[in-house]
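Participant: Sharing a structure here in structure tokens format.
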Amino acid sequence: MKPIKHFKRAESRIPLKFTVWLYFVIFTVAVFALIWVFQIFFFEKFYERMRIHSAAKSMESIAEVYSSCDKEKHYDNAMKITSDDEMKEKLYNIVYETGDSEDLCVEILDKYGREVMKKHVMGECIIHDKGGSVLWLLNGIDEADDGIIKLKMKHPRSGSDMLVYGCKLGSMSEPDGYLLINATIVPVEATVMIIKRQLMTITVILIILAFIISLYLAKRISAPIDRITKSAEILAKGDFNTKFDGRGYLEAKKLADTLTYAEKELSKVDTMQRDLIANVSHDLRTPLTMLKAYAEMIRDLSGDNPVKRNEHLEIIISETDRLALLVNDMLDLSKLESGKQKLNPTEFGISAKLSEIMDRFKGLSEKNGYQIHFTPDEERTVYCDSIKIEQVIYNLINNAINYTGKDKQVFVRQINTDSGVIVEVEDTGDGIEEDKIKLIFDKYYRSENHKREVVGTGLGLSIVKAVLKMHNYDYGVRSTLGKGSTFWFKISDVKK
């Protein structure tokens, strides 16, 4: 079988500075390309379409005003309110205003082709051309199915392009007259040449400016990233005193703040890992040393002495149990935190469970002089993982025994509330400093005042934290220096 080849995804090696500069330049060139295309190559077509649209809209506007005046005329004749002069003035205004604003020649003729009203602008015009006739245009209007003509033609003498529009006024079958509009399409070649020269100058100037500005912006944008990258490279080498400078813009500052936070957490984890290795190494080295020492003693000295041999074997067994406990705690904590262990909730009485655990600690109390006081409350049925909650209670009591005062007093209390059952374990030791309370449940943390009077691994509270988080239970610790600490957790899945 051929070995499987692993291919790495192609990584971009283009610097951010160059990428920003390139995008800015491409954008600038694209903008000017669009300006050149639309202003130079399509300018004439845009102009022609504008004139066509303007002429058509003007013809429609004047025809609508005439139609409204015609309606008013019939209404006024019946009511005897206004005169024809007012309607003529209204029509005159729209004709002249349209002609001036749109640069159009306008003429209104009666049904016989006689001039009624006209507006002539400067320049050549087909409908107002001297010696010309518009009868052929009127005939074209009459022959059109919709009574409208739209022509693009050359001026007979100058050859200039003209737009001639015409329509009937009034009824289609018996029109009152005709409307003619002439729009000159002015040659734009000279204008295009002027615009082209201006654009050429502007393009050269602005592209040079774009190059300079883009270089400046690219450098300014990439500068914070470059600084942060250099600091991150130093951090990657293990220097946890690196400063991340995110000045420049908001995103860079957020990135710098995030990396600063990550640096603090990495520094904390590094310190805790070192402490863990030191503590675990100590816990492993001591029993291993004793195992080796007593095994050698059995081999060399007490092999033939049953009493001494049994005494030495008991020590070996005790230290082996201690090693097994440490390894088991580490495995349990690893499984809990990896999510491989699942909860197996059952219903049981919490008071009965606590009483059962207290009975198991009686032997330790009688042997080493500890006094464990249990204050129960009314029985409550809870629904949780019995084995894991039992492990939590065991670890809290063991922790209290390790840290209690010289009076060797430990207090366990059950407190029923409306929302659940609170279990408290109190010792009478030296207490915990306020700044270290938040670290007490951390698996890498170990108290400087740890006592070795009973077997323990230093991972008990970390297991407590992992189990309670799996149950989603509240937990915490109250501590007063010189008076002791109270660890508590709340079982919320209860049946009243």
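Participant: Taking residue 442, is it farther than 22 Å from residue 332 by Cα and either at pLDDT 90 or above or not aliphatic (A, V, I, L, M) (or both)? Spell out the reasoning first.
Facilitator: On the way: farther than 22 Å from residue 332 by Cα: no; either at pLDDT 90 or above or not aliphatic (A, V, I, L, M) (or both): yes.
Against the criterion (farther than 22 Å from residue 332 by Cα and either at pLDDT 90 or above or not aliphatic (A, V, I, L, M) (or both)), residue 442 does not qualify.
Participant: I'm trying to understand the selection: among the residues of region 155-175, which are touching a strand residue (DSSP E or B) at 6+ places or on another chain (Cβ under 8 Å) and more than 17 Å from residue 134 (Cα to Cα)?
Facilitator: Of the residues in region 155-175, the ones touching a strand residue (DSSP E or B) at 6+ places or on another chain (Cβ under 8 Å) are 155, 160-170, 175.
Answer for region 155-175, where residues must be touching a strand residue (DSSP E or B) at 6+ places or on another chain (Cβ under 8 Å) and more than 17 Å from residue 134 (Cα to Cα): 160, 161, 170.
Participant: Considering only residues of region 467-496 that are hydroxyl-bearing (Ser, Thr, Tyr) and within 18 Å of residue 347 (Cα to Cα), which is modelled with the highest pLDDT? So that I can check it myself, show each step before the final result.
Facilitator: First, the residues of region 467-496 that are hydroxyl-bearing (Ser, Thr, Tyr): 473, 475, 479-480, 485-486, 492.
Imposing the further condition that a residue be within 18 Å of residue 347 (Cα to Cα) reduces the set to 473, 492.
Values: 473: 93, 492: 88.
Result: 473.
Table: residues versus (1) exposed (fewer than 13 other Cβ atoms within 10 Å of the Cβ); (2) at pLDDT below 85; (3) closer than 18 Å to residue 133 by Cβ.
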position	(1), (2), (3)
86	no, yes, no
91	no, yes, no
95	no, no, no
100	yes, yes, no
105	no, no, yes
117	no, no, no
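Participant: Report yes if some residue within region 164-183 is closer than 30 Å to residue 24 by Cα and surrounded by 11 or more Cβ atoms within 10 Å (Cβ to Cβ); otherwise report no. Step through it out loud before you land on a result.
Facilitator: Taking region 164-183 first, the residues closer than 30 Å to residue 24 by Cα are none.
Looking through region 164-183, none of the residues is closer than 30 Å to residue 24 by Cα and surrounded by 11 or more Cβ atoms within 10 Å (Cβ to Cβ).
Let's see how each residue does on (1) in the same structural domain as residue 65 (by TED's automatic domain parsing); (2) touching a residue at least 60 places away in the same chain (Cβ under 8 Å); (3) outside any loop (DSSP other than H, G, I, E, B):
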position: 92; (1), (2), (3): yes, no, yes
position: 96; (1), (2), (3): yes, no, yes
position: 101; (1), (2), (3): yes, no, yes
position: 123; (1), (2), (3): yes, yes, no
position: 127; (1), (2), (3): yes, no, no
position: 133; (1), (2), (3): yes, no, no
position: 137; (1), (2), (3): yes, no, yes
position: 140; (1), (2), (3): yes, no, yes
position: 151; (1), (2), (3): yes, no, yes
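Participant: Looking at region 162-178, which of its residues are in contact with a helix residue (DSSP H, G or I) (Cβ under 8 Å, 6 or more places away or on another chain) and of a type in the set (D, E, K, R)?
Facilitator: Within region 162-178, 168, 176 meet the criteria.
Participant: Please tell me if residue 346 is polar (S, T, N, Q), over 23 Å from residue 477 (Cβ atoms) and out of contact with any Lys or Arg (no Cβ under 7 Å at 6 or more places or on another chain). Even if it seems obvious, please write down each step before you answer.
Facilitator: Numbers: polar (S, T, N, Q): yes; over 23 Å from residue 477 (Cβ atoms): yes; out of contact with any Lys or Arg (no Cβ under 7 Å at 6 or more places or on another chain): yes.
For residue 346, the condition - polar (S, T, N, Q), over 23 Å from residue 477 (Cβ atoms) and out of contact with any Lys or Arg (no Cβ under 7 Å at 6 or more places or on another chain) - is met.
Participant: Any idea which residue in region 169-184 is farthest from residue 57 (Cα to Cα), counting only those that are among the small types (Gly, Ala, Ser) and more than 60 Å from the chain's Cα centre (by Cα)? Give the steps one after another, and end with the answer.
Facilitator: Of region 169-184, the ones among the small types (Gly, Ala, Ser) are 170-171, 173, 177, 183.
Imposing the further condition that a residue be more than 60 Å from the chain's Cα centre (by Cα) reduces the set to 170-171, 173, 177.
On the way: 170: 18, 171: 20, 173: 23, 177: 19 Å.
Across region 169-184, the extreme among qualifying residues is 173.
Participant: Which of the residues spanning region 244-265 are in a loop (DSSP other than H, G, I, E, B) and surrounded by 11 or more Cβ atoms within 10 Å (Cβ to Cβ)?
Facilitator: Let us first name the residues in region 244-265 that are in a loop (DSSP other than H, G, I, E, B), namely 244-249.
Across region 244-265, the qualifying residues are 244, 245, 246, 248, 249.
Participant: When region 375-418 is examined, which residues are found to be within 18 Å of residue 345 (Cβ to Cβ) and of a type in the set (Gly, Ala, Ser)?
Facilitator: If the condition is that a residue be within 18 Å of residue 345 (Cβ to Cβ) and of a type in the set (Gly, Ala, Ser), then 386 is the only one that fits.
Participant: Which is under 42 Å from the mean Cα position of the chain (by Cα) and either closer than 20 Å to residue 464 by Cα or charged (D, E, K, R) (or both), of 415, 389?
Facilitator: Criteria check complete, one pass: 389.
Participant: Could you say which residue among 181, 195, 234 is touching a helix residue (DSSP H, G or I) at 6+ places or on another chain (Cβ under 9 Å) and modelled with pLDDT of 75 or more?
Facilitator: On the way: 195 fails: modelled with pLDDT of 75 or more; 234 fails: touching a helix residue (DSSP H, G or I) at 6+ places or on another chain (Cβ under 9 Å).
Exactly one residue qualifies, and that residue is 181.
The values are calculated or read from the model by the stated rules, or taken from the named source; none is laboratory data. This is a predicted model, so every value here is computed, not measured. With ideal geometry, Cβ positions are generated from the backbone for all residues, glycine too; neighbour counts draw on all protein chains shown.
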